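The values are calculated or read from the model by the stated rules, or taken from the named source; none is laboratory data. As the structure is a computational prediction, the values presented were derived from the model and not from experiment. Note: ideal-geometry Cβ built from the backbone for every residue, glycine included; neighbour counts use all protein chains shown. The area values use the complete protein model at the heavy-atom level, side chains included, leaving out ligands, DNA and RNA. Shrake-Rupley method; radii C 1.70, N 1.55, O 1.52, S 1.80 Å.
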Amino acid sequence: MVEELNNQSAEKRQKEDERFMRLALQEAEEAGRLDEVPVGAVIVFQGSVIARGHNLCERLRDFTAHAEMQAFTSASEFLGGKFLDKCTLYVTLEPCPMCAGAGFWTRIGRIVYGAQDLKRGYKRWGVLQAKEGHGGQVGENGLLHPKTEVHSGVLEEECAQLLKEFFIKKRNKLQN
């Protein structure tokens with residue numbers, strides 16, 4: 001009976017994660033329409049989206065204007081406080097170290113991301129053995145808050161494909 005309930009709960013969470021990741025994908029698509037790197041984010045609190053964001057680095061001429069940063073600011077404003085420990089961040093690409101660090105300071109409760117970022121994602125950065133497990137889940141590198149849960153690979157193919165198509169178009173424009 002308990003195992004059945006756990007399976008139902010896991011199924012429900014997976015469907016919920018996919019539903020909110022689709023909203024993050026819509027934000028990423030909007031970024032792409034603006035000729036920004038197509039990364040999107042939403043923040044959810046008690047089952048409702050309270051913040052949305054997409055990359056605005058080019059438009060704002062601001063290297064810190066990542067989707068996650070936009071969403072963190074908006075969510076904190078909505079909640080009237082800086083801590084997001086009861087919230088979930090859904091983002092189409094693995095956060096970079098800057099966004100992971102911001103997530104640390106917001107104490108974000110959970111991060112769900114789609115595609116891995118093998119070049120610039122926060123998981124790429126090593127950790128001293130003494131710090132092992134002191135950032136997010138065991139094995140994390142210390143960039144996340146120790147209580148932050150991380151779930152990766154949600155709609156990974158769709159998230160990765162959006163990025164691949166964007167950069168193929170960029171390269172083709174440069175060659176022509």
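Scanning region 111-145 for residues that are at pLDDT 60 or above, open to solvent by 100 Å² or more (accessible area, probe 1.4 Å), farther than 23 Å from PHE20 by Cβ and assigned to a loop (DSSP other than H, G, I, E, B) yields a count of 4.
The residues on offer are ASP35, ASP62, and the sole one that is at positive phi and either open to solvent by 70 Å² or more (accessible area, probe 1.4 Å) or at pLDDT 95 or above (or both) is ASP35.
For region 45-106, please list each of the helices (runs of 4 or more DSSP H) lying entirely inside it that holds at least 1 residues being of a type in the set (A, V, I, L, M, F, W, C) and farther than 26 Å from ARG13 by Cα. Give the steps one after another, and end with the answer.
Numbers: elements: 57-60, 67-79, 97-106.
Ranges flagged: 57-60, 97-106.
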